[in-house]
Each structure stands twice: as C-alpha cells, then as structure tokens.
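**Q** This structure is in structure tokens; I'll ask about it shortly.
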Amino acid sequence: MKTTKRSVPGIRHYDGPAGGWGALKATAIAVRTQMDTLDAPATLLRTNQPDGFDCPGCAWPDKEHKSTFQFCENGAKAVTWEATSKRVTPEFLAKNTVTELLARSDFELEGYGRLTHPLRYDRASDTFRPVEWDEAFARIGEILRDLEPDEVEFYTSGRASNEAAYLFQLFAREYGTNNFPDCSNMCHEATSTGLPRSIGIGKGTVSLDDFDKTELVISIGHNPGTNHPRMMGTLHELARRGVPIIVFNPLRERALERFADPQSVVEMATYGSTDIASTYYQVKAGGDAAALKGVAKHLLEMDDALDNAFIADHTEGFNAFAEDIAHTAWEAIERESGLTRAALKNVAEAYAKSNATIITYGMGITQHNKGTANVRLIADLLLLRGNIGKPGAGICPLRGHSNVQGNRTVGITEKPGAAFLSRIKAVFGFEPPAAHGHDAVQATQAMIDGRAKALLALGGNFAVAMPDHENGFPAMGKLDLSVHVGTKLNRTHLLVGKETYILPCLGRTELDMQRSGRQSITVEDSMSMVHASSGKLKPASPQIRSEPAIVAGLAKATLPDTKVNWLTLVEDYDRIRDLIEQTLPGFEDYNARIRVPGGFRMPLPPTERVWPTVTGKAMFSVFDGVDENAPGEGDNVLRLITLRSHDQYNTTIYALDDRYRGVFGRRDILFMNKGDMAALGLEHGDRVDIETALPGSRQRLDDITVVAYGIAPGSVGAYYPEANVLVPLDYLDKESGTPSYKSVPIRVTLRSKEIRQM
Ligand SMILES: Nc1nc2c(c(=O)[nH]1)N[C@H]1C(S)=C(S)[C@@H](COP(=O)(O)OP(=O)(O)OC[C@H]3O[C@@H](n4cnc5c(=O)[nH]c(N)nc54)[C@H](O)[C@@H]3O)O[C@H]1N2
Ligand SMILES: Nc1nc2c(c(=O)[nH]1)N[C@H]1C(S)=C(S)[C@@H](COP(=O)(O)OP(=O)(O)OC[C@H]3O[C@@H](n4cnc5c(=O)[nH]c(N)nc54)[C@H](O)[C@@H]3O)O[C@H]1N2
Ligand SMILES: [Mo]
C-alpha cells in the first residue's frame, strides 16, 4: 500500500522480538556513554542485591531480593544515568543563562549530568550560583515563616525513600499543611481511591509466588517490556509453561507479543524468542470498561461461571452490579470497546476455565475520566470468581516510581486519616492539621490563581509532568519561593520564581555516610515488600547531601519551636525508622526486619479474605454506562494516548529512540491507524497540527509527523511529556483527581505533505 512505502527519516519497521541481543547492546551503549567503564560492572551487579541498592527503575519486586543479578536493560539505563560521570558544575552554570537553558530539551538538560552544589538563582545575571547550605536553609526558612502554611505546596516524586518521605510529611505537618501534591496523583491515584472502596486497601494483592500458581493472566493497559522489564522474566516463564496471557492494549506492543529473555542462554544463542500474549485485543483507548462489562455479561449468562459461595460470604452489592451489566447493551459494548461480542466471549470462557486468575494493569486503566471506576470494575470481575485471597489469583496494579507505594504508606497524602494524625500527635506532641490539602492538580490550580506562594519539591519534574504547560509554566514564575531537591537539572527547576533554590542530593547508588556510619534507606515495591537499599558509589560531589539530611535541614531552619530532634534523626536512620514504627501500623520491629535479606511484607488483609471496607465485605460497584471519558467536540475526533518511549523514564529522556516501535532519533510523531489516515486523506510521513477537541479548549501542538502504526482505529499515540500541552488541567477523573492522559479528544489538520529531513 502506498502509505507504508514512503520512506520517513527515523521510522523503520521493527521486526524482532523485544529483549534479546538488542537489549544487551543498548545496555552497553548506556554504560559507555554515561559511566566510567571500570566502575560499571560492579555497580550494575549491586542492583537489587541484599547488601546493594534498590533499582531506581521500576517497582517490580525481586524474588526474596536475593536472586542472582537479573539483567534488565532499562534498569541498567536508570542506574548508569544516575551514576554518570558527567557534571553540571558552577562554571557550566555561570556560562549558561537560565533563559538559554530553558530553550533546551529535557533530554539535553539531564544529559549535562549530576548537580554538584546547592544553587540559588541570581536574577541580575540570570544564572544559578552556588550558595552555602546553611545560608540556603536559613533564607528558605525565613520566607516560609512569613507565609501561611496553606500557601505552600510540598511535592513528592516517588523515588524518595520511606525515611526521606516520612521526614518530609512530618516537616509539612508540623509547619501546618496537608498540601501534598505527588506523582501518585498523576499515576495510580485511581487505584488508591478505588481499591479501598472495593477491597479495603489501596494496594495490589498478589505476590510473585502467585504468578507461579496462576492459571491465567489478563494484562490491561501497561507496557512491561519498557516500563517493568523485570516483569518480562515472569511473563516469559508463564508463556513457556503454557499459561494463557490475554492482553488488552490499543497498541501492538512488541514485548507483549514476542520476547527473547536475555537470561535465557538458549534463546540468546539461537536468536529464538517466546510468544507472550496468547491473545491480543486491540481495544480502543478508553474502551476497557466496555470490554470488561462485556466479559462480565457473558460470564453472568453462563452456567456455573460464578463463585456463588464467595459472593454470598464475602461480598456486597452483587445484585446491583449484575442488574447494571444485564442492562448494558451489546451494541454499546462493541461500539465503545471496538471489540466484538464473540471476542469477549472467548475471554469470558478462558476466565471461566481458570481456577486462579491475576489481572495486571497500568496507566491505560487509571489515566481516564473514569479511572477509579475502571479500577473497581477490574476488582468486580475478580470478585465474580473469588479471585482475591486465594493462591495464584488477585489484582496487580503495576506501580510507577520505585518507591511511590512506600511514600503513600509513610504519610504522603493530602487526605490523612484520623488514626494517623492522632498517632503523630501522640508521638511528637504537636497538633497536625486535619483539613485536606491539595493534590497535584489542585496545587497547580492554586499556583495559577496565585493562592499558592511556594513549592518545595522532593525530586521530580513537577511542572513538566503535569498537564497544560501553557498555564502551568507561567504559574511557576509567580511563586515567591521554589525549592527543588534533585539529582539533575530539569525544566521545572528553570521556571524560576522570585527566589529559587536547587538542592542537590545523593541517589540510590551512592554511599550515604552519616555520624553513625553507612546508612541504608528502605523502599516498598509493587507487592508491598519493604526492604533496605544502600549505595556504595562515591557521591557525585562532596557538597551533595542525602535527602533525609536536606529535609531535616529545611525543617530545622523553618520551625523555631519544633518538637522534632531533626539533626539527631539524620545521624542514624534507624531512629527515623523507630518513629515510623511508632506512628504507623505494619512496621513492627522495622529495624530488625529490614536486616533480613528480602525484608518483609506489609499487612494485606484481603489476601486473607479480610475486607477492611466500611461494610467489612468486598464491595461490588456499578460502572455507569460504558464511556470512560467525555466525548470530544466536533467532527473527526480521535483519542490521544500520551505514552512513554523505550528510552525514557518519565520526563527523563535517555535517548531519542523507541526501538520496539521502530522510531529512531526523534520524538515528534503521532502513531495512527491506517484506516483513520485514509479517512482523513493523510499519508505516512505527512506533517500535521493537533488541537484539543474539548469545549473551550485552546491547546495545540504543531508540526508532528504522522506514522502508520498498529493502533486501534480512532486512537492515536504521541509521546509524553511533549504532548502534555494538549491535556487541559481540568480533564481528569473527578473521583481521584488523576489527569486523563490516555484519552484526550483531539483533531488533526494537515500542515504539509513534505517529509521533514533530519
Ligand atoms: N523505563 C521506564 N520504566 C518506567 C517508567 C518510564 O517512564 N520508563 N515510568 C514508571 C512510572 S512512574 C509508571 S506509572 C509506570 C508506567 O508504566 P505503563 O503503565 O506501562 O505506562 P505507559 O507507558 O504510559 O503505557 C501505558 C500502556 O497502556 C496502553 N494504553 C493506553 N491507553 C490505553 C487504554 O485506554 N486501554 C488500554 N487497555 N491500554 C491503553 C499504551 O498503549 C501503553 O502500552 O512505569 C514505571 N517504569
Ligand atoms: N502526558 C502524560 N503525562 C504524565 C504521564 C503520562 O503517562 N502521560 N505519567 C504521569 C506519571 S505516571 C508520573 S509518575 C509523573 C512523573 O512525574 P515526576 O516524578 O515529577 O517526574 P520524573 O520525570 O520522574 O522526575 C525526574 C527528576 O527527578 C529528579 N531525580 C531523579 N532521581 C532522584 C533522586 O534520587 N532524588 C531526588 N530528590 N530527585 C531525583 C531529577 O532531578 C529528574 O530530573 O508524570 C505524569 N505525567
Ligand atoms: Mo507513575
């Protein structure tokens, strides 16, 4: 066909499996371009070992955290990116003004390397200049004391350790606010909101052992080959054992189709690979609720497909659920999901046959207008066959940042519970604020309106990760104060306010020496395992400090009458963990238990069929209708998915390739279905302008190249964060506040038929 013959620079069809030799080669390149090659092998071998550091890549667990080194290309990239030998020095910053730097991409900015000194923005020269730590702390404290606590936003990105995050929330609460926007608000908030209502806890219920016993995995809306690469080992093993893996994803993601396990000598030697998905359903973006309702509808119509004893003993709300499903028309299900009734019957039959099913899911479920309702629908489907609280079965949300789950556990939440607040009061003797604070969208809105006057960010790239750069970026400039604790320069740091500080911190790979000696931090993975992590590399610079030390320094300088002995806590992180144990359930004998290789598991009552919901039962829900998102406005509306490339970690861009999707050296593209292209008169390689098709929206992104791709009709895909300009700030899941990054109604118009020469 004409559309695919045209040659477009940087776009090549990728035919191989995911993983394999390509992954080894990519790792070698990451090591060569970032690290001192002598250090690299020893550093990589310490990843996820009992006495080593936790991989900053993803939150997938390791078996008892003591298996031999698991090769993982994207884990290696995350490690080498942090352990790079490149540096952003005061000399570099003196030569480059903030205005100049702001014109560069996230890729270039982080590529300059690690931050080495605490920095203060100097308006006269428009540069960042070194500042002494104590001077920075004192001035930040002075400004904060002049503000109302609720005018300050305390942002956390999920890489912070339990210890750093706990101190951060303690600082903010003693200061007097619950304004805790965090990356979780853009990510799995739909899980944290939906699952407690369904099963009583906002976390997944499966462990790695369950994957050994499962008979069926249904994978919805996540891309493990890129984002949870160690999960590929598990899926590979299951596929080889003949366990069916049913995938729902609008894009054909290569790793879910075919994977060569770099751990497998035979596959590597023979250039072989294993088919992963037994069936691949290219659901429309935002069509999962319809699809899941279709599966449930078949199931309810089948004989003996339900676990009636479980439903009677353990659940409430079944009748309302069943009635709604019965009233949902097949026509609506087929239209909205893009899948046929017959296809969904196949899924229902496979599900009815399996005695133990796991459903895994990611951002393709949570980042929609009805993300919370989506999560609950997944729980409903599992409850129908008693698939929670039995071996080999359960719900498995794939978490984002390596410690995003731990951050929430230790108190990073804008809606703290009464029990937690009363423990804080009992342990520390101050009255923490009870009024709910801001989440990420509310914090941005408060900044836009001028209600927020300061932002303190423990990691991350807040403004860039959020929707609506057009309004969000200028809002950063209106702040009286912004303070960023980070490892590398990014655009949020450069959107300077009246006064701006960048405070450089140690990463996971680095040695953290405090008064009592070498410190460990702790993290909680996607399966609620808490374990220690401790780096060995020489810090990127003698001036940088650990996150707990920086937070303690800020707190001490801000709170003259503090009840917390901040500096003593930093001398020995065991003391921080003792306080965590005193304030929060589940951390009994914390210090002793993290010294056991593999750590320990946080309590998960649903795994024992104990349901800490309001009724004490697991609760069915009713998903209203089949639409997950608001309809777009006007003709020819497509649904835009914003997603990650293979060479990126959120806003950190390692390189400009997306190997498995056949994209090399560029990111300015729009993946599109051939039928949609034909209907709009577009060819592979045409350049288009994109505008958001929601009432009153003005968002646009110009000059993007159309790439013909195996994506569901009506759905298009572009890269995050470039496409964030198209997402309005108020286009979100109202229950959880999660932005609907995976289903933005857009329209494209032809800009030029010329192919861009690169
Ligand atoms: N290397 C690497 N690892 C990472 C990250 C990274 O950026 N790079 N980020 C970390 C973080 S913070 C997170 S949250 C996770 C993210 O991990 P994922 O959840 O895998 O996130 P995305 O890349 O956004 O991909 C979403 C997937 O869902 C599909 N999808 C999109 N819309 C829909 C839909 O409506 N329905 C269905 N069924 N599928 C849909 C997309 O095609 C894509 O395959 O990964 C973590 N790990
Ligand atoms: N359009 C669109 N937007 C999205 C998403 C999407 O799928 N589509 N996904 C959303 C999701 S799931 C998430 S989680 C957010 C991510 O949002 P964030 O967590 O805010 O963003 P990151 O890109 O992970 O942050 C990168 C920065 O973290 C800092 N950093 C790295 N390591 C460390 C460390 O060890 N300590 C400290 N203090 N700082 C460190 C570095 O300075 C680096 O520049 O983005 C969200 N935005
Ligand atoms: Mo995330």
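The values are calculated or read from the model by the stated rules, or taken from the named source; none is laboratory data. Note that this is a predicted model, so its numbers are computed, not measured. We place every Cβ from the backbone using ideal geometry, glycine too, and count neighbours over all the protein chains shown. Surface accessibility is based on the protein's heavy atoms, side chains included, excluding ligands, DNA and RNA. Shrake-Rupley method; radii C 1.70, N 1.55, O 1.52, S 1.80 Å.
**Q** Return the residues of region 600-628 that are surrounded by 21 or more Cβ atoms within 10 Å (Cβ to Cβ) and in a loop (DSSP other than H, G, I, E, B); say none if nothing qualifies.
**A** L604, W611, F620, F623, V626, E628 - these are the residues of region 600-628 that are surrounded by 21 or more Cβ atoms within 10 Å (Cβ to Cβ) and in a loop (DSSP other than H, G, I, E, B).
**Q** Given (1) aliphatic (A, V, I, L, M); (2) within 16 Å of ligand 1 (Cβ to nearest atom); (3) not in a helix (DSSP H, G or I), identify the lone condition not met by A434.
**A** Of (1) aliphatic (A, V, I, L, M); (2) within 16 Å of ligand 1 (Cβ to nearest atom); (3) not in a helix (DSSP H, G or I), only one is false for A434: (2).
**Q** Which residue, of P41, P61, is at pLDDT below 85, open to solvent by less than 20 Å² (accessible area, probe 1.4 Å), closer than 30 Å to R258 by Cα and not assigned by TED's automatic domain parsing to the domain that holds T226?
**A** Criteria check complete, one pass: P61.
**Q** Okay, next question. If I ask for residues that are away from ligand 1 (no atom under 16 Å from the Cβ), within 26 Å of L604 (Cβ to Cβ) and either over 26 Å from the mean Cα position of the chain (by Cα) or open to solvent by 10 Å² or more (accessible area, probe 1.4 Å) (or both), which ones from region 492-533 would you list?
**A** S520, I521, M529, A532 - these are the residues of region 492-533 that are away from ligand 1 (no atom under 16 Å from the Cβ), within 26 Å of L604 (Cβ to Cβ) and either over 26 Å from the mean Cα position of the chain (by Cα) or open to solvent by 10 Å² or more (accessible area, probe 1.4 Å) (or both).
**Q** Pairs, please: C-beta under 6 Å, at least 6 apart or cross-chain, first residue open to solvent by 10 Å² or more (accessible area, probe 1.4 Å) and modelled with pLDDT of 95 or more and in region 165-187, second more than 9 Å from ligand 2 (Cβ to nearest atom) and assigned to a helix (DSSP H, G or I)?
**A** Once the first residue is open to solvent by 10 Å² or more (accessible area, probe 1.4 Å) and modelled with pLDDT of 95 or more and sits in region 165-187, its partners that are more than 9 Å from ligand 2 (Cβ to nearest atom) and assigned to a helix (DSSP H, G or I) give Y175/P149; G176/P149.
**Q** Testing R12 on (1) at pLDDT 85 or above; (2) surrounded by 15 or more Cβ atoms within 10 Å (Cβ to Cβ), one condition comes back false. Which one is that?
**A** The one condition R12 does not meet is (2).
**Q** Can you name every residue in region 356-383 that is more than 16 Å from ligand 2 (Cβ to nearest atom) and either part of a loop (DSSP other than H, G, I, E, B) or among the hydrophobic types (A, V, I, L, M, F, W, C) (or both)?
**A** A356, I358, I359, K370, A373, L377, I378, A379, L381, L382, L383
**Q** Let me ask something additional. I'd like to verify a number: residues in region 398-432 that are away from ligand 3 (no atom under 16 Å from the Cβ) and open to solvent by 30 Å² or more (accessible area, probe 1.4 Å), how many?
**A** 11
**Q** Six or more apart or on different chains, Cβ atoms under 6 Å: show the pairs whose first residue is in region 375-393 and closer than 18 Å to S207 by Cα and whose second is open to solvent by 10 Å² or more (accessible area, probe 1.4 Å) and basic (K, R).
**A** Going by the 6 Å Cβ cut-off, the qualifying pairs are G389/R609; P391/K213; G392/K213.
**Q** I've got another one for you. For region 138-164, give me each residue that is more than 13 Å from ligand 2 (Cβ to nearest atom), open to solvent by 10 Å² or more (accessible area, probe 1.4 Å) and not β-branched (V, I, T).
**A** A138, R139, E142, R145, D146, L147, E148, P149, D150, E151 - these are the residues of region 138-164 that are more than 13 Å from ligand 2 (Cβ to nearest atom), open to solvent by 10 Å² or more (accessible area, probe 1.4 Å) and not β-branched (V, I, T).
**Q** Taking the criterion of being of a type in the set (G, A, S) and closer than 25 Å to V88 by Cβ, would at least one residue in region 138-147 satisfy it?
**A** Checking region 138-147: at least one residue is of a type in the set (G, A, S) and closer than 25 Å to V88 by Cβ.
**Q** While we're here: Between residues in region 244-271 that are not assigned by TED's automatic domain parsing to the domain that holds E336 and residues that are open to solvent by less than 20 Å² (accessible area, probe 1.4 Å) and outside any loop (DSSP other than H, G, I, E, B), which pairs lie under 6 Å by C-beta distance while being six or more apart or on different chains?
**A** Between residues of region 244-271 that are not assigned by TED's automatic domain parsing to the domain that holds E336 and residues that are open to solvent by less than 20 Å² (accessible area, probe 1.4 Å) and outside any loop (DSSP other than H, G, I, E, B), there is no close pair.
**Q** Further question on the same structure: Could you please give the count of residues in region 318-327 that are under 19 Å from V626 (Cβ atoms) and either aromatic (F, W, Y) or in contact (Cβ under 8 Å) with a residue 60 or more places away in the chain (or both)? Full working, then the answer.
**A** Taking region 318-327 as the starting set, the residues that turn out to be under 19 Å from V626 (Cβ atoms) are 320-327.
Filter again for either aromatic (F, W, Y) or in contact (Cβ under 8 Å) with a residue 60 or more places away in the chain (or both), leaving 320-321, 324.
Of the residues in that region, 3 qualify.
**Q** For N369, are the conditions met, namely being surrounded by fewer than 24 Cβ atoms within 10 Å (Cβ to Cβ) and under 14 Å from G194 (Cβ atoms)?
**A** Yes.
**Q** Mind telling me which of the residues T583, T500, T522 ends up being in the same structural domain as A165 (by TED's automatic domain parsing) and out of contact with any strand residue (DSSP E or B) (no Cβ under 7 Å at 6 or more places or on another chain)?
**A** T583
**Q** Just name the residue that is surrounded by the fewest Cβ atoms within 10 Å (Cβ to Cβ) out of those in region 478-490 that are more than 13 Å from ligand 2 (Cβ to nearest atom) and not in a loop (DSSP other than H, G, I, E, B). Steps first, answer last, please.
**A** Keep residues of region 478-490 that are more than 13 Å from ligand 2 (Cβ to nearest atom), which gives 478-482.
Narrowing the set further to residues that are not in a loop (DSSP other than H, G, I, E, B) leaves 481-482.
Details: L481: 22, S482: 27.
Applying the filter and picking the extreme gives L481.
**Q** Are there any pairs, at least 6 apart or on different chains, whose C-beta atoms fall under 6 Å, with the first in region 437-462 and open to solvent by less than 10 Å² (accessible area, probe 1.4 Å) and the second within 16 Å of ligand 1 (Cβ to nearest atom) and of a type in the set (G, A, S), and if so, which?
**A** As it stands, the answer is L458/A160, since those pairs meet every condition given.
**Q** Which of the residues spanning region 338-366 are open to solvent by less than 10 Å² (accessible area, probe 1.4 Å) and without any contact (Cβ under 8 Å) to a residue 24 or more places away in the chain?
**A** First, pick out the residues of region 338-366 that are open to solvent by less than 10 Å² (accessible area, probe 1.4 Å): 344, 347-348, 351, 354, 356-362, 365-366.
None; the set is empty.
**Q** Out of T340, T372, I need the residue that is of a type in the set (S, T, Y), assigned by TED's automatic domain parsing to the domain that holds T205 and farther than 26 Å from T607 by Cα. Which one?
**A** Just one listed residue meets the conditions, T340.
**Q** Considering only region 514-526, I want to know if a residue exists there that is in contact (Cβ under 8 Å) with a residue 40 or more places away in the chain and under 30 Å from R104 (Cα atoms).
**A** Among the residues of region 514-526, not one is in contact (Cβ under 8 Å) with a residue 40 or more places away in the chain and under 30 Å from R104 (Cα atoms), which makes the answer no.
**Q** Which pairs turn up if I take residues in region 204-230 that are within 16 Å of ligand 2 (Cβ to nearest atom) and look for partners that are assigned to a helix (DSSP H, G or I) and acidic (D, E) with beta carbon separation below 7 Å, at least 6 apart in sequence or on another chain?
**A** That search, which allows pairs on different chains as well, returns I220/D288; G221/D288.
**Q** Which residue out of G665, G634, G681, G696 is away from ligand 1 (no atom under 13 Å from the Cβ) and free of Cβ contacts under 8 Å to residues at least 24 places away in the same chain?
**A** G696
**Q** Go through (1) open to solvent by 10 Å² or more (accessible area, probe 1.4 Å); (2) in a helix (DSSP H, G or I); (3) farther than 30 Å from D275 by Cβ one by one and return the number of the condition D210 breaks.
**A** (3)
**Q** Look at P397 and say whether it is within 16 Å of ligand 2 (Cβ to nearest atom) and touching a residue at least 60 places away in the same chain (Cβ under 8 Å).
**A** It is true that P397 is within 16 Å of ligand 2 (Cβ to nearest atom) and touching a residue at least 60 places away in the same chain (Cβ under 8 Å).
**Q** If L458 satisfies every condition in (1) more than 8 Å from ligand 2 (Cβ to nearest atom); (2) over 21 Å from T99 (Cα atoms); (3) touching an Asp or Glu at 6+ places or on another chain (Cβ under 8 Å) but one, which is the exception?
**A** Condition not satisfied by L458: (1).
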